[in-house]
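**Student:** The structure that follows is given in the form of structure tokens.
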Amino acid sequence: MIAGERILRLFGSQGLAALMMLFLLILTFLGTLEQTEHGLYQVQKKYFESWFLIHHLGSVPIPLPGGLLCMIIFSVNLMVGGIIRLRVSRRNFGNFIIHVGIAVMMAAGLVKMVASDEGHLTLWENQQSSEYISHHKWELVVFETGQDAVVEYRIGENRWKNTNGTALVSAQPGTADRNPRGLPFGLELTGALTNCRPMPAGPRWQPDSPAVDGWALMKLDLEAENERNTPGLLVRMQPTADQDATAQQALLWGRQNYPWTFEVQDRTFAMVLRKVRHSMPFSIRLDNFEKV
């Protein structure tokens with residue numbers, strides 16, 4: 001009981017609340033300064049959606065708690081000190097309501113971070129859609145052409161891209177419930193670049209990917225606005241029924257106009273690298289647009 005009381009007293013103390021608010025103030029200040037060079041998305045991931053981080057002050061590394069850790073501890077402090085241990089009376093009922101309101105706001109922020117999908121829907125007049133497109137996330141999509149109903153098999157970027165922008169993944173697209181028969185080929189995804197563009201291979205520059213059909217990928221510096229970064233990777237397709245069959249490979253780029261197509265067992269498939277699309281349970285139609 002004594003140990004439990006000490007723990008409650010620690011997590012509900014005003015000193016802990018002041019310390020967390022100080023760390024959040026420091027993170028907000030440093031994040032605001034860094035946002036001018038690295039953009040909102042990258043700074044948000046580094047400072048406010050992390051457990052820990054290393055901030056470099058010149059050449060000196062400074063370890064700091066991430067915004068996610070600070071907000072979790074601050075929320076626990078708010079619940080313990082401002083709600084559980086608070087003796088509610090007519091005199092402090094207003095404080096109680098304020099603490100409950102802040103706790104609800106913190107919970108809403110957590111739900112948004114872990115369970116929400118953000119994107120945009122662009123429509124022209126008389127156009128209709130039931131999908132919206134992610135601002136930041138990319139996916140590799142495989143589908144068979146010439147079918148009445150198109151079934152897409154998606155591979156998220158967490159399967160082929162890691163923190164330094166390169167990855168080596170062997171994947172059989174589809175899952176048991178979405179693709180019970182499986183596709184007649186396997187995929188090997190290599191050399192993923194977070195921001196790049198295709199260039200004709202030649203002696204005047206050093207490519208950052210293998211050359212395919214006279215083209216290669218050139219790695220570019222990351223843009224401050226993450227929406228402008230365009231990934232690319234090398235795809236190698238190997239038929240599963242005949243391991244002796246010649247594997248096919250292609251370079252995929254996020255802004256290419258047409259998908260890569262190939263044939264396996266007299267079936268034509270297409271593959272494209274694109275922004276993640278999310279389905280909605282309804283359709284939106286733009287009937288008329290007038291500039292005022």
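All of the numbers you see were taken from the coordinates with simple rules; none came from a lab. The model shown is predicted, which means the values in this text are computed figures rather than measured ones. Cβ atoms come from the backbone with ideal geometry, glycine included; neighbour counts cover every protein chain shown.
**Student:** Which of the GluC sites (Glu not before Pro) found in the stretch 23-56 are loop residues per DSSP with 16 or fewer other Cβ atoms within 10 Å of their Cβ? Working shown, then result.
**Tutor:** Numbers: sites: E34, E37, E49; in loops: E49.
Within the stretch 23-56, the qualifying GluC sites (Glu not before Pro) (loop, at most 16 other Cβ atoms within 10 Å) are E49.
**Student:** Pull out the extension gain between R6 and S59, defined as 0.36 nm times the separation in residues minus the alpha carbon to alpha carbon distance; nm, one decimal.
**Tutor:** 15.1 nm
**Student:** State the Cα centre-to-centre distance between the stretch 202-247 and the stretch 22-46 in whole Å.
**Tutor:** 32 Å
**Student:** Given N residues in the stretch 120-285, what is its alpha carbon radius of gyration divided by 2.2 N^0.38 Å? Could you put the intermediate results ahead of the total?
**Tutor:** Working: Rg = 16.9 Å, N = 166, 2.2 N^0.38 = 15.3 Å.
Rounded to two decimals, the normalised Rg is 1.10.
**Student:** Further question: Here are labelled values, [x] 67, 38, 30; [y] 78, 55, 52; [z] 55, 41, 40, and one is the computed Cα extents along the principal axes in Å for what I pasted. Which one?
**Tutor:** Read-out taken from this structure: [y].
**Student:** Only Lys, Arg, Asp and Glu count, each charged at its Cβ (+1, +1, -1, -1), so figure out the dipole size of the stretch 120-285 about its Cα centre, rounded to 20 debye.
**Tutor:** Values: 17 positive and 19 negative charges, 74 e Å.
It comes to approximately 360 debye.
**Student:** Still on this model: So what's the angle, to the nearest 10 degrees on a 0 to 90 scale, between helix 93-115 and the longest Cα principal axis of the chain?
**Tutor:** The two axes meet at around 10 degrees.
**Student:** Please list 90-101, 74-85 highest first by mean number of surrounding beta-carbon atoms within 10 Å per residue. List each step's numbers first, then the result.
**Tutor:** Numbers: 90-101: 11.6, 74-85: 17.5.
Answer by packing, highest mean first, reads 74-85, 90-101.
**Student:** If I fit a long axis through the Cα atoms of helix 67-79 and take the longest principal axis of the Cα atoms of the chain, what angle between them do I get, 0 to 90°, rounded to 10?
**Tutor:** 40 degrees
**Student:** Now for a different question. Counting each pair of different Cα atoms once, what's the Kirkwood radius of the stretch 2-115 in Å, rounded to one decimal?
**Tutor:** Values: mean 1/r = 0.0640 Å⁻¹.
Kirkwood hydrodynamic radius for the stretch 2-115: 15.6 Å.
**Student:** Here's a follow-up. Tell me the angle of helix 14-43 to the major Cα principal axis of the chain, expressed in degrees between 0 and 90 and rounded to the nearest ten.
**Tutor:** 30 degrees
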